[in-house]
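Q: Quick one: this structure, given as structure tokens, is what I'll be asking you about.
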Amino acid sequence: MTVPLSPSQYDSPALDDGCSSVRVAVRARPLIEKEIVEKCKECVSYSQDGKQVVLGKDRRFTFDHVFGPIVSQEDVYIDCVKPLVESCCAGYNATVLAYGQTGSGKTFTMGCGNNASLLEEELGILPRAIRQLFECVEERSNQAEFLIKCAFVEIYNEEIKDLLHPDTPSRSISIREDANGDIVLAGVKEEVVTSFESMIRFLEHGSVFRTTGSTLMNQHSSRSHAIFTIIVEQRSIVECTNTNDVITAKFHLVDLAGSERAKRTGAVGMRFKESVTINCGLLALGNVISALGDERKRCQHVPYRESKLTRMLQDSLGGNSRTCMIACISTADTNFEETLNTLKYANRARNIRNNPVINRDPQSVMLNQLRQEIRALQVELLNLRMHNMGLETVSGPQSLEILLEDESHREFLADIRARADISVGMTAELNAVRRKSRESEQECLKLKDEIQALELLVNKLQEEMLEMRIERDHCQLKLDEVNSEMMALKQVVPRWESCNDIGFAVKSHLSEMMKRVVGGIDDEGSGLASSESSFSSLDRPASADTAMRKFEKDLNPMTDWVTPRDSGLIDRPKTQPEDSQAVGSMRNLFSPSKADVKRVNCNSPNQANRGTRNIINQHLRTIRVLEERLAVKESDVKSKDEALKEATEDLARDERIFAEKMKEIKILKKLAQDLSNEKKTLMQKTEKDASIISRLSEEAMAKEDELGRLRTSIETLQTGRPDAFVMNGAGVPGLPVAVMNPKGKNDDCYSDNMENSDEAKGDVLDGSIDMGDTFDQACLSDLSEKLKVGDTKEGFLSEKIAFEEQKHLEEDERVQTREFKRNKQRFNLLSNCLWPKPCETRDN
Ligand SMILES: Nc1ncnc2c1ncn2[C@@H]1O[C@H](COP(=O)(O)OP(=O)(O)OP(=O)(O)O)[C@@H](O)[C@H]1O
């Protein structure tokens, strides 16, 4: 949760009032060696309650704290300074100043000197405050970021010297009032410190350069007013906080030079001059204290400008600082008068009332306000969108905070984009399914072709097989016939053997048998016709030689008959040697050699029988050849059978795959249909969303315009605040005109001190004032004509406001145009997200 920097958190109750008076403490030092030697006596006594000091017998003074000579450094610190360090951490300015006559113990109390040689209990306010500050920073490091800086200056002879950078010339250092009315030292370099040790080093380094001198009153007398300033800048880092404004607090630790009387200090020459300026400064401080302490004088004029010291301490005295003055006194009776003056002086300071406030950067305060307004508008816009989307809206600061962090414009857009992504994803998925379906279909077509090719092959094989079977059967038939013929021949052979002359009857019988055999093999029987006609001619009586010649001549064409015919079964023997042999045998069978014919034609019965046997043997050989051929045919048919079986199995498998693919296609088509429906639904929803978006865009445009106007206001407030205004110096009527430039940096801030007022007025009127880049010259020249001596701030501001309003109107117009363009771009972007181009336009 937010841990705002609240005054009460760090304030001691004593300081926690809206208007706090300057706290005054008195510290009396013990008699020093010199005073003891001089036999001085103590002339100061203290009340029991620690609030009163009595000088002499009856001079009684009451203060916030009174510390006697035996009070330790630590006690002084705890009572006077510790609460101030705490309030400084909370963002308040604080000041501790040590006042008193020379040698009264101011430097000892403040700890401005060389601390290295001191014991822990001897350490003064400064080292203790620095230590506490860093402890506080450490404690709060999880709540805020801190930037600690320090500066160390002295006012010597009315000149300011930068003790951390002694080379810096005094003339380059000036006291100015910044835009917020805070006193700043221009020209003094602040050093960033990150630890106690480094700041102590800077303190000691600066102390070395401090002007000191020896006087009769104090061997190590400080001849200047030393001001060590610690600047604490912090920015909250707690996440849930609404404010992240910068808080800056300054802690001045002032060791004043001691008031002195030249007669007592023995100051002459240089020391005397120092003494005069020291006393002048302290006098001016006294006047300021008087003015601030006096009710009547306070509302008139406080003479801060009388000296550099009072000008520097303007914030601390009567300003917004919490201040504690420690009046150091000597208890020695020899210093009675100085002590009395110091107590009177301190007593007046008690009446000073300061008005401490947390030093928030006004610009960051304004920014925070505007930021909160913007956040409220954003929440309103978001709620409107959620309402339009049908979502539950939230209310209440905590819920709004959560909503703002968790739900934002981005989320709304992310939702729309997610839907668009889903749509794109589904389209891609749909396309993938379609692609797959198409691939499956193509595969199916390919399978179909393959099946068709296989079917053709099977058919062809079946046809071939059928043909071969027929052929085989045919061969088988012929073989059977030949066998039966052979059997018949075998029966007639014995009869021929008993007959001496086979003559014409045998020839005729053989011719007949051959005719049948050959005719069985060759259906066409072309050769048969000729042989038949040849043998029919045998019926006529002729000589045996003539008949044989005719027979031989008639049979000769049979050699031609065997060769050129069918390329199938009959052709093959032509290329195979054994077949050639078989064909040769056939030829021998059907075309007997001359020797055989002679043998057959011989008149010897033995010779005739032998010839007949030879013919029969040849015939048997032919039958064997035919049987072999038949076996080959049968094995061929068998292999074809196997191929057919294989092809049929392939066909069945392909048909199964085809069926599966078809089933897959069906599923894919169904899926594609589902996806298409889903896409359609989504598109409808998206269209609905688009109309909501367009309506919301219009609303957003209106809101953005409003935001734009607010932003412009912020910019104007940041950079374009009134460039200059004229006011009477220090708010006192009748004083010369001063020119201020509240928007510029410190360096650009024109001094408003009285000495410069006339000059400034002249510069403004003639338009030649140089305010740096941040000064609006056009505006100034426009307004300079209207500037007159004595013009009031209000009059000037009304002119200025009119001018600014005109500027705002122009700016508004520009912002609106810009926002319209931006929203248009956003809408186009959204449209692209919502209706992406489909990866593939082809639709099944
Ligand atoms: N409370 C104290 N207890 C013991 N010694 C002290 C105390 N206060 C001051 N002294 C001693 O008194 C002497 C003078 O003190 P210091 O230099 O601080 O005076 P001062 O007011 O700063 O003088 P000046 O104005 O001239 O610089 C020193 O020696 C210092 O040690």
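The values are calculated or read from the model by the stated rules, or taken from the named source; none is laboratory data. Note that the structure is predicted; figures quoted are calculated from it, not measured. Every residue, glycine as well, gets a Cβ built from its backbone with ideal geometry; the counts of neighbours run over all protein chains shown. When the accessible area is computed, the model is the full protein with side chains, heavy atoms only, and any ligands, DNA or RNA have been set aside. Shrake-Rupley method; radii C 1.70, N 1.55, O 1.52, S 1.80 Å.
Q: Just by accessible area at a 1.4 angstrom probe, what is the order of Tyr46, Tyr345 from largest to smallest?
A: On the way: Tyr46 80, Tyr345 20 Å².
Accessible-area ranking of Tyr46, Tyr345, largest first: Tyr46, Tyr345.
Q: Which pairs in the list Lys490/Lys633; Lys633/Lys661; Lys39/Lys344; Lys666/Lys688 are over 31 Å apart, alpha-carbon to alpha-carbon?
A: Distance filter (> 31 Å) returns Lys633/Lys661; Lys666/Lys688.
Q: Report, for the stretch 23-360, the % of DSSP beta bridges that are antiparallel, rounded to 5.
A: Around 65 percent of the beta bridges assigned by DSSP in the stretch 23-360 are antiparallel ones.
Q: Return the sequence-ordered ³J(HN,Hα) values of the stretch 266-276 in whole Hz as given by the Karplus equation 6.51 cos²θ - 1.76 cosθ + 1.60 applied to θ = phi - 60°, using x for Gly and Pro.
A: 3J(HN,Hα) across the stretch 266-276, in whole Hz: x, 6, 9, x, 4, 4, 5, 4, 4, 4, 5.
Q: Given a Förster radius of 60 Å and the C-beta distance between Lys663 and Gln816 as r, what FRET efficiency does 1/(1 + (r/R0)^6) yield to the nearest 0.05?
A: 0.40
Q: Which entries of Lys638/Lys663; Lys149/Lys308; Lys645/Lys670; Lys478/Lys640 show an alpha-carbon separation above 32 angstrom in the structure shown?
A: Check vs 32 Å cut-off fails for Lys638/Lys663; Lys645/Lys670.
Q: Shifting gears a bit: What is the set of long-range amide H partners of Glu145 at a cut-off below 5 Å, with H atoms built 1.01 Å from backbone N?
A: Here Arg235, Ser236, Ile237 satisfy the definition.
Q: Further question: What are the ³J(HN,Hα) values, in whole Hz, obtained from phi via the Karplus relation 6.51 cos²θ - 1.76 cosθ + 1.60 with θ = phi - 60°, for each residue of the stretch 191-203 in sequence order, with x given for Gly and Pro?
A: Per-residue couplings from phi come out as 9, 7, 10, 10, 8, 4, 4, 5, 6, 4, 4, 5, 4 Hz.
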